Amino acid sequence: MNRTKAREISFTLIFALDFQQEDIYERLEDMKEEWEEKSSDQIPFIEETVLAVYQNLEKLDSTISDHLKAGWSIGRISKVSLAVLRLAVYEITMTDTPDKAVVNEAINLAKKYDDPVMASFANGVLASVLRERECLSE
């Protein structure tokens, strides 16, 4: 399994958080057994990513909210796009994954799982997050 596929699996588990937060640890354990049978070297990445998003949900949602255009609220974002944004904002703000890779994969996930228009929306939010981070580092 490559990192793109691992990111896609992480996205699906993050999406499920909106519906089944209470058993995320159980879901990870169940899936971990399945992945180990396939000898996946991406299991640690998936576990770390999903748990980090779960544990930082408020912070990630706050960051997303701070970068929405006027008149938008996080409640207006589709659950699919919200999962894509949570994953991407986590990677941008809390990992050393290259920004271009994060944004590119987020846009691809949005195109694949949501309305293609949402890919542009996600790109705009992520660009705003990146601009702010650049300004803070100067």
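Helix 24-37 axis versus longest C-alpha principal axis of the chain: approximately 60°, rounded to the nearest ten. Plainly put, segment 3-137 has a radius of gyration that is 0.96 times its Kirkwood radius, both from alpha-carbon atoms, as the Rg/Rh ratio. Take each peptide in 96-104, 108-116, 81-89, count the other Cβ atoms within 10 Å of every residue, and average; sorted highest first, the result is 81-89, 108-116, 96-104.
Residues within the reach of a label modelled at residue 3 (point 7 angstrom out along Cα to beta-carbon, backbone nitrogen below 17 Å), restricted to segment 72-113, are 87-109. In terms of Cα to Cα distance under 29 Å, which lysines are near enough to residue 79, apart from those fewer than 8 places away along the same chain? In chain and number order, the partners are 5, 32, 59, 69, 100, 111, 112. Where only DSSP H runs of four or more residues are counted, the chain gives -25500 deg cm²/dmol as its mean residue ellipticity at 222 nm, each run worth -39500 (n - 2.57).
Given charges of +1 on the Cβ of Lys and Arg and -1 on the Cβ of Asp and Glu, with all other atoms neutral, how large is the dipole of segment 3-137 about its Cα centre, in debye to the nearest 20?
Numbers: 16 positive and 25 negative charges, 167 e Å.
Result for segment 3-137 is approximately 800 debye, rounded to the nearest 20.
Here the spin labels are modelled as points 7 Å beyond Cα on the Cα-Cβ line, and at residue 133 and residue 96 they lie 1.4 nm apart. Of 94, 118, 31, the sequence from fewest to most neighbouring Cβ atoms within 10 angstrom is 94, 31, 118.
Any read-out appearing in this document is the output of simple, stated calculations on the displayed coordinates, not a laboratory observation. Bear in mind that the values here come from a model prediction, so they are computed numbers and not experimental data. Because the Cβ atoms are built from the backbone with ideal geometry, glycine has one as well, and the counts that use them run over all protein chains shown.
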